[in-house]
Amino acid sequence: NFPCQEVERHNKPEVELKYVTSPELLLNPGCDIYVIVSCCPPMHFNFAHSSSQVLICRNEAEKCLIETSINSLRISLKVKQADELENILTKKFLRFLSMRAEAFEVLRRKPVQGYDISFLITNYHCEEMQKHKLIDFIVQFMEDIDKEISELKLSVNTRGRLVATEFLKQFV
């Protein structure tokens, strides 16, 4: 629990403030942070680190940005969208989830610019929830989002095929 240095008598998440004057509040006292990820080969990750941000990229279409500060953590995800149908399905599905952000508690209504969905974790979430369950939820969400969008795409294609078949039966 760390009170905000910019807004008096408030405990605002420092990661949400646009102008932070002290690098210590962003947990960047001037030392380098090294990130090691072990994963199966054929996956390839690129890492970019600046100040309090860690960017993990599988490719240009799939990214994860982790921003830290002294009293909060923000995780932003960009979901893979291979074609126009996946683009529409992803946009609608994530909008559906963001409209119900209160039910998820850590989900932000509006994602960070350039990303599809964002999570904000504060000290209150860490005090009220079990930390390992919170981490498991976010990791499971990242794993399931691609699966859900693939299932939605299959469902749309199947329905389109059935509708086209029924429509073309009129002409035979």
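HN-Hα J couplings of region 99-112 from phi, Karplus 6.51/-1.76/1.60, θ = phi - 60°, integer Hz, Gly and Pro as x? Coupling constants for region 99-112: 5, 10, 4, 5, 5, 8, 6, 9, 7, 7, 5, 10, x, 5 Hz.
Applying the Karplus relation 6.51 cos²θ - 1.76 cosθ + 1.60 with θ = phi - 60° to region 115-123 yields 3J(HN,Hα) values of 10, 8, 8, 9, 10, 10, 10, 10, 5 Hz, where x marks Gly and Pro. Summarising the label geometry, the points placed 7 Å from Cα in the beta-carbon direction at GLU166 and SER150 lie 2.9 nm from one another. Amide H contacts under 5 Å for SER72: GLU14, VAL15, restricted to partners 5 or more places along the chain or on a different chain, H placed in the peptide plane at 1.01 Å from N.
Between ASN87 and TYR124, the modelled label-to-label distance comes to 3.7 nm, taking each label 7 Å out from Cα in the direction of the beta carbon. The lysines within cross-link reach of LYS147, meaning a Cα-to-Cα straight distance under 17 Å and a gap of 8 or more places when in the same chain, are LYS63, LYS78, LYS80, LYS91, LYS92.
The numbers here are math on the coordinates, done by the rules we state, and not lab data. Bear in mind the structure is a predicted one, so any value in this text is a computation, not a measurement. Virtual Cβ from ideal backbone geometry, glycine too; neighbours counted across all protein chains shown.
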